[in-house]
1. Exactly one condition in (1) more than 19 Å from residue 16 (Cα to Cα); (2) not aliphatic (A, V, I, L, M); (3) not in a strand (DSSP E or B) is not met by residue 71; state its number.
2. Which pairs turn up if I take residues in the range 58-77 that are on the phi > 0 side of the Ramachandran plot and look for partners that are open to solvent by 40 Å² or more (accessible area, probe 1.4 Å) and in a strand (DSSP E or B) with beta carbon separation below 8 Å, at least 6 apart in sequence or on another chain?
3. Look at the range 78-115 and say how many of its residues are outside any loop (DSSP other than H, G, I, E, B), hydroxyl-bearing (Ser, Thr, Tyr) and in contact (Cβ under 8 Å) with a residue 24 or more places away in the chain.
4. In the range 71-111, what count of residues is obtained for those that are of a type in the set (Ser, Thr, Tyr) and loosely packed, with under 15 Cβ neighbours inside 10 Å?
5. Residues that are touching a Phe, Trp or Tyr at 6+ places or on another chain (Cβ under 9 Å) and either surrounded by 12 or more Cβ atoms within 10 Å (Cβ to Cβ) or at pLDDT below 95 (or both): find the strands (runs of 3 or more DSSP E) completely inside the range 1-67 holding 2 or more of those.
Amino acid sequence: QVQLVESGGGLVQPGGSLRLSCAGSGSNFSIYVMGWYRQAPGKQRELVAGITSGGVTTYAGSVKTRFTISRDNAKNTVYLQMNSLKPEDTAVYYCYARSTFTSYWGQGTQVTVSS
């Protein structure tokens, strides 16, 4: 059974940091594009960051200078380091893994930025 399991979400004050992790199992995720989407209440799901198997990254403009995506192919894990968090970063963050023929999603982890 293929699974993506996120961890690391929570409540943080504005200006703080969080690190999200997403561990894959049941497949060789080293060949997949992996990354993160987020969905805030009342808004559409949006791409936050993605990373190819070779380490090429892409970011949403709103997070480009604050977030860093990385991966450990040996552990089938992708990370999202989030710094200088803002209230508008509050959302459920979803991990994804995509190949040419299929895609998988995690269950989501809540990130709340509030004082």
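1. Evaluating residue 71 over (1) more than 19 Å from residue 16 (Cα to Cα); (2) not aliphatic (A, V, I, L, M); (3) not in a strand (DSSP E or B) leaves (3) as the failure.
2. Going by the 8 Å Cβ cut-off, the qualifying pairs are 76/23; 76/25.
3. So the answer is 7.
4. 5
5. Answer list for the range 1-67: 3-7, 18-25, 33-39, 46-51.
The values are calculated or read from the model by the stated rules, or taken from the named source; none is laboratory data. Bear in mind the structure is a predicted one, so any value in this text is a computation, not a measurement. Reconstructed Cβ throughout: ideal geometry from the backbone, glycine too, with neighbour counts over all protein chains shown. Remember, those area values only see protein heavy atoms, side chains included, never the ligands or the DNA or RNA. Shrake-Rupley method; radii C 1.70, N 1.55, O 1.52, S 1.80 Å.
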